[in-house]
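Worksheet: one structure, shown below.
The values are calculated or read from the model by the stated rules, or taken from the named source; none is laboratory data. These numbers come from a predicted model, not from an experiment. Cβ: placed from backbone, ideal geometry, glycine included. Neighbour counts: every protein chain shown.
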Amino acid sequence: MTQKPERSVSSEAKKLTDDAKRIKQIIGDEKNTVRVEAVRDTEGKMNVLIGAFKGNGNQVIDYADVDQMSKNKSSLTAGSIAIHETKEAYEGLVNPTVLRAKELGRSIESQFSFAHPEALKYENIYRSNQNLPKNLGNGDNPFGNRQISILLPRILRFSPTIKGDG
């Protein structure tokens with residue numbers, strides 16, 4: 001009886017797509033540790049809408065939102081979100097522009113603005129491999145109003161109360 005050779009992640013590297021290779025590189029980086037906190041905040045108390053960049057390699061993914069998107073057949077998938085949020089957290093540790101912004105005392109939003117485009121790049125490689133539309137990530141909604149309507153109850157919870165004049 002012949003035994004099959006043992007398979008490992010490194011022996012599979014030639015078969016990996018670019019997005020998967022990048023995730024493998026992030027996992028294998030012994031100098032930079034990414035921490036992705038997975039939560040299921042069904043009540044919206046954490047004010048996280050799908051994911052949140054916390055800086056310094058820290059990220060939060062709210063699987064209550066991911067589940068809601070999946071349940072409603074959204075083109076935002078658990079895989080695309082996981083790749084995006086992991087890469088974004090990693091950029092918070094290694095991207096020279098993010099590190100410079102941090103050094104200059106720039107806000108977390110400013111740091112995010114430099115990490116986010118790289119996360120989109122690898123998310124879109126994944127999305128292309130899955131025959132999904134690109135995430136433009138520029139404030140436009142490339143997926144149509146369906147995406148917004150799925151999460152509208154959560155979005156409204158995060159918005160401050162607006163008082164009218166009369």
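The table that follows gives values for the structure above.
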{"read-out": "Within the range 66-166, helices (runs of 4 or more DSSP H) holding 1 or more residues that are more than 13 Å from the chain's Cα centre (by Cα) and modelled with pLDDT of 70 or more", "value": "78-94, 96-103, 108-129"}
{"read-out": "Qualifying residue in the range 47-56 (condition: under 27 Å from N129 (Cβ atoms), of a type outside the set (G, A, S) and at pLDDT 90 or above)", "value": "yes"}
{"read-out": "Counted residues, the range 34-57 - those being surrounded by 14 or more Cβ atoms within 10 Å (Cβ to Cβ) and in contact with a helix residue (DSSP H, G or I) (Cβ under 9 Å, 6 or more places away or on another chain)", "value": "15"}
{"read-out": "A64 vs. criteria under 27 Å from Q130 (Cα atoms), surrounded by fewer than 19 Cβ atoms within 10 Å (Cβ to Cβ), touching a residue at least 24 places away in the same chain (Cβ under 8 Å) and out of contact with any Phe, Trp or Tyr (no Cβ under 8 Å at 6 or more places or on another chain)", "value": "yes"}
{"read-out": "Residue tally, condition surrounded by fewer than 23 Cβ atoms within 10 Å (Cβ to Cβ), farther than 14 Å from N32 by Cα and not basic (K, R), over the range 86-125", "value": "18"}
